[in-house]
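Visitor: Next up is a structure, given as structure tokens.
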Amino acid sequence: MPEFIESPPMPAGVSPDQPQVVSDDWKPDRSPDSDRLKFLKEFPNLKGLQLDHLYLTQKDLDVIGQCRKLERLSLSGVQILEQSPRRLSGDDLQKLRGLTNLKELDLGQSNLDRKSVV
């Protein structure tokens, strides 16, 4: 699914086996208002979701927060698209408050401190 490919295009003449250097200012070519995860609403019994190292928008977080039967959710390394990408923060977790069935939540590589999640 091309809408989920979030790495810069491979330069011409570079072998896929060679390590690729990504510019620090690279970001996906899509709007911070996009909601590409809206299809998740078609799976009301979804119990597990792994979205590691993706760029998500606030609308994507809203949709995730509506997946009420989720038991496992991994958001490790997720970045939030706004004016510039940033790591997931404690304020973003407010959108997930309705996920009362969660047994496992992976927030590794997020920008959380103790005060932001209390």
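No lab work stands behind these numbers, since they all come straight from the coordinates. This one's a predicted model, so the numbers in the text were calculated from it and none came from an experiment. Here Cβ is always computed from backbone atoms with ideal geometry, including for glycine, and neighbour counts include all displayed protein chains.
Visitor: Under 15 Å from the Cβ of Leu49, count the other residues' Cβ atoms, weight Lys and Arg +1, Asp and Glu -1, and hand me the total. Intermediate results must be reported in sequence, preceding the final value.
Guide: Numbers: positive: Arg36, Lys38, Lys41, Lys47, Arg68, Lys69, Arg72, Lys95, Lys103; negative: Glu42, Asp52, Asp60, Asp62, Glu71, Glu104, Asp106.
It works out to a net charge of +2.
Visitor: Continuing with this model, one more query. Given the Cα-Cα distance of Ser84 and Asp52 and 0.36 nm per residue of separation, how much length would full extension add, in nm?
Guide: Working: separation 32, 0.36 × 32 = 11.52 nm, distance 1.87 nm.
Contour length minus Cα-Cα distance gives 9.7 nm.
Visitor: So for the pair Arg97, Asp62, with labels modelled 7 Å out along Cα→Cβ, what separation do we get in nm?
Guide: Rounded to a tenth, the inter-label distance reads 1.6 nm.
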